[in-house]
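Participant: Let me give you the structure first, and then I'll get to my questions.
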Amino acid sequence: MIATYAPIILIITIAFSLASLFFFGHRLLGGAAKFSPGRMEPFESGSESSGARHVKLSVKFYLTAILFVVFDIEVVFLYPWAVRFKELGWTGMGTMVGFLAVLVVGLVYVWKKGALEWES
Amino acid sequence: MPLAFALSPFIVLGVGALLLMLAESFAKQRAGLALGATIIFLATAACSLGLWWFGVDHIEGLEALSPWLVIDRFSLFFFALLCLGGALASLLAGGYLPEHNLDRGEFYALLLFSTFGAMMLAASGDLLTLFLGLETMSIGAYALTAFRRASPRSAEGALKYFLLGSFAAALMLYGFALLYGATGHTDLAGIASSIAQLAAHTPNPDAPVIAAAARAPMILLALVLVLASLAFKVSAVPFHMWTPDAYEGAPTPATTFMAVVVKGGAFAMLMRLLLTAFHDPQSASWSSGWPPALAMISVLTMTVANLIAGRQESVKRMLAYSSIAHAGYLLVGVVASIRSDDGAGSVLFYLLTYTASTAGAFGALILCGSKGAEAVSYEDLAGIGRRHPAAALPFALFLLSLAGVPPTAGFFGKWFVFRASMDAGLHWLTVLAFLNSVLGAYYYLRVLVFMYMREPAAGAPVATPMRSGYVTAALIASAVLVLILGLAPGKSLDIALAAASELGHS
């Protein structure tokens, strides 16, 4: 019974030993160099870094991404209906029109609220 | 056509919510959205009551809906109850949101959609619709908790609720997957018959090819996972940690909604699952089933919540812990339902009294606040009995109802639950629940003491009383309901018992 699990046990053992090797081998081979200010700066091919550290992103990126996900999932649901259009007949049409109507209400809401405006 | 009649609560609520969303995006001013949401809720409740009166058995074509949607008296009772809670929450929001500069119309759309999900929970006969309704209800509730965008406390409560709620939903899905794997069914009735066949050691052609020895432990594990997830949703100890932070951070109408509708929907789901799918003699037995676990959870819930509520400095947090304690009393009724015929009906009646009392208590708390600042601590409430009697008197009524003092509704709610558990022979559980109920009276009476027997601290700003027609209307409706249920509970109790009797026959 245990023989059926042998491949998984082997994989887990190899993964665990490899990860431990990388983690503890670092220390065995000498470890990190001592702290010094020059070593702590970000690499810029020799020049000094400038500019703010924290960039404040506008929320419009998040809005666009989320709206894309929602309407993309809507399209995903449209594909099976398109494939079996004839067999699903009028019932399928009615159901999908209802589904699309709900999403169109969402689109109208998003449009009127100005979430589709990029420059504002 | 008759089938559309049976689905009319869902259709009215869904179409109404979409129209409200459109109206909100095109409207120039916000006034009237609260009224619109309340009307939609009341129309949905009227549809469900009309279906009840018409007799839902007379509608042919209901078999086409099952097993996914089960429109029986149990569902109709919950439709009406959840829409009542939603109507009260939207009335409270109509008064609270303009006062606290939160007046955005999305609140009402979220209320409507979330209640739609809760209604789906009450009417589900299949694991898939159960999960769908659960997530619809919960995601709306998460967004409502975070509605006060500028407040870090609101964001913290919403994040805790969202993370823990998603975790609980994942646990529930794992349990559902195990259930499907062990029984081959996703509909609750099929699961029940499959588990019964397993217990009777008869061969089951539906179950997938798994060794029979593996099926019983799978079902047990599924039961544990599902029970843990359900206990999270009804905020039972020790799965209650999200409740005080989420309730305190949310704007008070959102808290009311969560305390009333989300809790009602979660209890509907709990009863549908435990009393339909896991109701076979072995799973529902005292020796090897869920009743002792649920009884332990309920004792822990009542005791821990009552003890912690007494130590709270914030009134809203105290009310959150009090709603946790009430979940404990409700769980006593659920445990009693395995041996007593009245157990499930007493839970439904208690939910009705709890809805009216809690919505009223939060509404009175809203009236005690003023422009931009809520009444947070007990000291904020000092002397309100004299300054603002229109807020203090209903608050006193609802607190007495929550404590279970006759002749208010809460007394009869507790009485029927305790009587059902005595009938079931669970004497120790009843005694513990009774003692907890006495313990709980402390923190309700403490608010009364502060309101009527303390003076506001010298130098504290005496706020101008908040006046709102919407909140007053909600308070009047809740108070009327509390008094009617407290003085003449017979008819409502009969309705609750009739609704509960349909539970095992899906």
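Participant: Quick one: what are the phi-derived ³J(HN,Hα) couplings along the range B:361-368, Karplus 6.51/-1.76/1.60 with θ = phi - 60°, whole Hz, x for glycine and proline?
Facilitator: 5, 5, x, 5, 5, 4, 5, 6
Participant: Suppose every Lys and Arg Cβ carries +1 and every Asp and Glu Cβ carries -1, with no other charges. What dipole size does the protein assembly as shown come out with about its Cα centre, to the nearest 20 debye?
Facilitator: Approximately 1420 debye in magnitude.
Participant: With a/c under 1.5 counting as rounded, go ahead and sort chain A into rounded, prolate or oblate using the C-alpha gyration tensor (a ≥ b ≥ c being the square roots of the eigenvalues; past the cut-off, prolate if a/b is larger than b/c, else oblate).
Facilitator: oblate
Participant: Would you grab the residues whose amide H sits under 5 Å from the one on B:ASP126? Only those 5+ places off in sequence or on another chain, please, with H modelled 1.01 Å from N.
Facilitator: Residues meeting the criterion, in which the H sits 1.01 Å from N, are B:LEU188.
Participant: Taking the Cα centre of the range B:1-95 as origin and charging only Cβ (+1 Lys, Arg; -1 Asp, Glu), how large is the dipole, in debye to the nearest 20?
Facilitator: I would put it at about 460 debye.
Participant: How far apart, in nm, are the 7 Å Cα→Cβ label points at A:VAL83 and A:LEU21?
Facilitator: It works out to 4.4 nm between the two label points.
Participant: While we're here: Starting from the Kirkwood Rh over alpha-carbon pairs, what translational D in µm² s⁻¹ does the range B:386-468 have by Stokes-Einstein at 4 °C and 1.567 mPa s?
Facilitator: Translational D for this selection: 87 µm²/s.
Participant: Next question, about the same structure. Along the Cα-to-Cβ line of B:ARG104, 7 Å from the Cα, sits a label point; which residues in the range B:151-167 have backbone N less than 19 Å from it?
Facilitator: Answer for this model: B:151-162.
Participant: Please state the shape class of the protein assembly as shown: rounded when a/c is under 1.5, otherwise prolate if a/b exceeds b/c and oblate if not, all from the C-alpha gyration tensor.
Facilitator: Rounded.
Participant: Another question, then. Read phi for every residue in the range A:38-45 and hand back ³J(HN,Hα) as whole Hz from Karplus 6.51 cos²θ - 1.76 cosθ + 1.60, θ = phi - 60°, with x for Gly and Pro.
Facilitator: With the stated coefficients, the range A:38-45 comes to x, 6, 8, 6, x, 6, 9, 6 Hz.
Participant: Among residues other than B:PHE450 whose Cβ falls under 13 Å from its Cβ, what is the net charge (Lys/Arg +1, Asp/Glu -1)?
Facilitator: 0
Participant: Please report the net charge: other residues with Cβ closer than 10 Å to the Cβ of B:GLY125, K and R +1, D and E -1.
Facilitator: -2
Participant: Using the basic label-point model (7 angstrom from Cα toward the beta carbon), what is the B:ARG153 to A:TRP111 distance in nanometres?
Facilitator: 4.1 nm
Participant: Fewest Cβ neighbours within 10 Å first, please rank B:THR183, A:THR4, A:THR13 accordingly.
Facilitator: Listing B:THR183, A:THR4, A:THR13 from fewest to most nearby Cβ atoms yields A:THR4, A:THR13, B:THR183.
Participant: OK, next. Return A:LEU18, B:LEU426, B:LEU22 ranked ascending by Cβ neighbour count within 10 Å, so the fewest neighbours appear first.
Facilitator: Taking fewest neighbouring Cβ atoms as first place, the list is A:LEU18, B:LEU22, B:LEU426.
Participant: Full extension from B:HIS427 to B:VAL15: what is 0.36 nm times the residue separation minus their Cα-Cα distance, to one decimal in nm?
Facilitator: Using 0.36 nm per residue and subtracting the Cα-Cα distance, I get 143.5 nm.
Participant: Could I ask something else about it? Stokes-Einstein D for the range B:1-125 at 37 °C, 0.692 mPa s, Kirkwood Rh over Cα pairs, in µm²/s?
Facilitator: Translational diffusion coefficient: 220 µm²/s.
Participant: Just name one of A:VAL75, B:THR408, B:MET318: the one whose Cα is farthest towards the positive end of the charge dipole of the protein assembly as shown (beta-carbon charges, Lys/Arg +1, Asp/Glu -1).
Facilitator: Result: B:MET318.
Participant: If you find the alpha carbon centre of the range B:72-126 and of the range B:303-320, how far apart are they in angstrom?
Facilitator: Rounded to whole Å, the Cα centres lie 25 Å apart.
Participant: Would you pull out the residues with amide H under 5 Å of B:SER285's amide H, same chain only if 5 or more places away, H placed 1.01 Å from N?
Facilitator: Here the answer is B:TRP290, since their amide H atoms fall under 5 Å of that of B:SER285.
Participant: Over all Cα pairs of chain B, how is the pair count split among 10 Å bins, expressed in % and running from 0 up to the last occupied bin?
Facilitator: Using 10 Å bins, I get a P(r) of 4, 20, 31, 27, 12, 4, 1, 0 for chain B.
Participant: So if R0 is 45 Å, what FRET efficiency would A:TRP118 and B:ALA4 give, r being the distance between their Cβ atoms, rounded to the nearest 0.05?
Facilitator: That pair, A:TRP118 with B:ALA4, gives E of 0.60.
Participant: I've got another one for you. Within chain A, what is the longest stretch that has no chymotrypsin sites (Phe, Trp or Tyr not before Pro) placed in a DSSP loop and near at most 12 other beta-carbon atoms within 10 Å?
Facilitator: Maximal segment without exposed cleavage sites: A:44-117.
Participant: How far, in degrees from 0 to 90, does helix A:60-83 lean away from the longest principal axis of the Cα atoms of chain A, to the nearest 10?
Facilitator: So the inclination is approximately 60 degrees.
Participant: Inside 10 Å of the C-beta atoms of A:109-116, what's the mean count of C-beta atoms belonging to other chains?
Facilitator: Taking all residues of A:109-116 together, the mean is 3.
Participant: Taking the simple approach of a point 7 Å from Cα along Cα-to-Cβ for both B:LYS28 and A:LEU10, what is their distance in nm?
Facilitator: 7.7 nm
Participant: Okay, next question. On a straight-distance basis, which lysines could pair with B:LYS28 in a cross-link, Cα separation under 26 angstrom, same-chain partners fewer than 8 positions away excluded?
Facilitator: Filter leaves A:LYS60, A:LYS112, A:LYS113, B:LYS371.
Participant: Let me ask something else. Considering only the other residues whose Cβ falls under 13 Å of the Cβ of B:ALA6, what net charge follows from Lys and Arg at +1 and Asp and Glu at -1?
Facilitator: Summing Lys/Arg as +1 and Asp/Glu as -1 gives -3.
Participant: I've got another one for you. Using a cut-off of 21 Å between alpha-carbon atoms, which lysines can reach B:LYS263, once sequence neighbours fewer than 8 places away in the same chain are excluded?
Facilitator: The reachable lysines, counting only those whose Cα sits under 21 Å from B:LYS263, are B:LYS160, B:LYS233, B:LYS316, B:LYS414.
Participant: From the phi of every residue in the range B:298-306, what ³J(HN,Hα) in whole Hz does the Karplus formula 6.51 cos²θ - 1.76 cosθ + 1.60 yield, where θ is phi - 60° and glycine or proline is x?
Facilitator: Here the 3J(HN,Hα) series is 5, 5, 4, 4, 4, 5, 4, 5, 5 Hz.
Participant: Additional query: Amide H neighbours of B:SER370 under 5 Å, counting only residues 5+ apart in sequence or on other chains, H built in-plane at 1.01 Å?
Facilitator: Excluding prolines and chain starts, which carry no amide H, the hits are B:ALA375.
Participant: Here's something else I'd like to know. Just to verify a number: FRET efficiency for B:LEU487 and B:PHE434, C-beta to C-beta distance, R0 = 30 Å, to 0.05?
Facilitator: So, using R0 = 30 Å, E works out to roughly 0.85.
Participant: Cα gyration tensor of the range A:60-112, axes a ≥ b ≥ c as square roots of the eigenvalues: rounded (a/c below 1.5), prolate (a/b > b/c) or oblate?
Facilitator: Taking the square roots of the gyration eigenvalues as a ≥ b ≥ c, the range A:60-112 is oblate.
Participant: Compute the length gained on full extension between A:VAL75 and A:LEU100: take 0.36 nm times their separation in residues and subtract their Cα-Cα distance, giving the result in nm to one decimal.
Facilitator: Between A:VAL75 and A:LEU100, full extension yields 8.0 nm more.
Participant: In bins 10 Å wide, starting from 0, what share of all Cα pairs of the range B:210-321 does each bin hold, as a percent?
Facilitator: Taking all Cα pairs of the range B:210-321, the binned fractions are 13, 39, 29, 15, 5, 1 percent.
Rule-based calculations on the coordinates, nothing more; no lab input. What you are looking at is a predicted structure, and each value in this text was computed from that prediction instead of being measured. Cβ: placed from backbone, ideal geometry, glycine included. Neighbour counts: every protein chain shown.
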